[in-house]
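Take a look at the structure set out below.
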Amino acid sequence: MKRDIDILVLSDIHLGTVGCHAGELLEYLDSINPKKVILNGDFIDIWNFRKFYWPSTHMDIIRRILRYISEGVEVTYLTGNHDELLRKITPLKAGNFQMKDKLVETDEYGRKTWFFHGDIFDITMKHSRWLAKLGAIGYDFLILLNRSVNRFLELLGKKRISLSKKIKNSVKKAVSFIDDFESTAIDLAHEHNYQTVVCGHIHQPTMRTHYSPEHDHSVLYLNSGDWIENLTALECVDNEWSIFEYRAWKEEQILREVNHTLALDMEEVA
């Protein structure tokens, strides 16, 4: 049975790259009924797009989004740095589909939620675009290497690892950048009296609340993560936000199926 979700936020899917877990994303989308979908940047990776690499599962994701639109689901596409070319045509609206650079939503209680990708905080993007694109190529190579390493580890019966996470966590500047990114987003939300701020870009799924004595105001900071490494999304049901984690969800499914099979076997024995 599909779960009903009021708002679904997906970011950093990076369709058109070898690191994209489109198959897993499709499996997740098959399990839910969203009323509103927000694609918060880097949905299609125009930077690294190659004509020779566009698997059927990537096209299936496009079809799924188009199906949502045709079924009356409100879909908002917010642009990111890897699909920044689309900013030349924003804002764009057609029926229940819209494309924007940022979005502010107000709920029935007057609480405001600010959605945007987050690359506006990235100094590298502003001043050294070529360096950012070079880094993206290196990241793709690292993801490919990581997949091979994880296949080998699975054969040995060992846990998966994330090489990029290990590198990020070992580099002080990378850790500092994530902290600065989150702090900047939260500070701006306080200044504009937003109750919630939702970002992507840094591929770091996060949910935390920050209270500012200066503004006498609390901000809920959310980051939807990505579908390259973390395989995460943000879900809002009855005004309550949560982080969906595909791998934990999949493990629960497998465990449930195993328990069901064992229960049937026990009934047959009895």
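The values are calculated or read from the model by the stated rules, or taken from the named source; none is laboratory data. These figures come from a predicted structure and were not determined experimentally. Cβ sites come from the backbone with ideal geometry, for glycine too, and all protein chains shown count toward neighbours.
Among the candidates F181, F177, which residue alone is modelled with pLDDT under 90, touching a helix residue (DSSP H, G or I) at 6+ places or on another chain (Cβ under 6 Å) and within 29 Å of G16 (Cα to Cα)?
Criteria check complete, one pass: F181.
Output the qualifying pairs, or none if there are none: Cβ atoms under 7 angstrom, residues six or more apart or on different chains, first residue in the range 15-43 and closer than 14 Å to C236 by Cα, second residue charged (D, E, K, R) and modelled with pLDDT under 95.
I32/K2; N33/K2
Restricting the search to the range 230-251, which residues are in a strand (DSSP E or B) and out of contact with any helix residue (DSSP H, G or I) (no Cβ under 8 Å at 6 or more places or on another chain)? It would help to see each step written out before you state the result.
Taking the range 230-251 first, the residues in a strand (DSSP E or B) are 232-237, 240-245.
The answer is L234, E235, C236, V237, E240, W241, S242, I243, E245.
Out of the residues in the range 26-85 meeting the condition of being part of a helix (DSSP H, G or I), in contact with a helix residue (DSSP H, G or I) (Cβ under 7 Å, 6 or more places away or on another chain) and of a type in the set (S, T, Y), tell me which one is surrounded by the fewest Cβ atoms within 10 Å (Cβ to Cβ). It would help to see each step written out before you state the result.
Restricting attention to the range 26-85, the residues satisfying the condition of being part of a helix (DSSP H, G or I) are 26-29, 56-70, 84-85.
Filter once more, keeping what is in contact with a helix residue (DSSP H, G or I) (Cβ under 7 Å, 6 or more places away or on another chain): 26, 28-29, 57-58, 60-61, 64.
Keeping just the survivors that are of a type in the set (S, T, Y) gives 28, 57.
Numbers: Y28: 20, T57: 15.
Selected residue: T57.
Pull out all pairs, ordered by first then second residue, where Cβ-Cβ is under 6 Å, the residues are six or more apart or on different chains, the first lies in the range 237-258 and is under 17 Å from V9 (Cα atoms), and the second is among the hydroxyl-bearing types (S, T, Y) and surrounded by 14 or more Cβ atoms within 10 Å (Cβ to Cβ).
From residues that are under 17 Å from V9 (Cα atoms), the pairs are I243/T232; E245/T232; Y246/Y28.
Under the condition of being in contact (Cβ under 8 Å) with a residue 24 or more places away in the chain and in a strand (DSSP E or B), which residue from the range 213-229 is nearest to E27 (Cα to Cα)?
If we filter the range 213-229 for residues that are in contact (Cβ under 8 Å) with a residue 24 or more places away in the chain, which is where we start, we get 214-215, 217, 219-229.
Okay, now just the ones that are also in a strand (DSSP E or B), so 217, 219-223.
On the way: H217: 39, V219: 32, L220: 29, Y221: 27, L222: 23, N223: 21 Å.
Among those that are in contact (Cβ under 8 Å) with a residue 24 or more places away in the chain and in a strand (DSSP E or B), it is N223.
Would you say T261 is modelled with pLDDT of 95 or more, surrounded by fewer than 19 Cβ atoms within 10 Å (Cβ to Cβ) and farther than 21 Å from R3 by Cα? Lay out the reasoning, then the answer.
Details: modelled with pLDDT of 95 or more: no; surrounded by fewer than 19 Cβ atoms within 10 Å (Cβ to Cβ): yes; farther than 21 Å from R3 by Cα: yes.
No: the conditions fail for T261.
Run down I13, I46 and say which single residue is at pLDDT 95 or above and at negative phi. Show your work before the answer.
Working: I46 fails: at pLDDT 95 or above.
Answer to the selection: I13.
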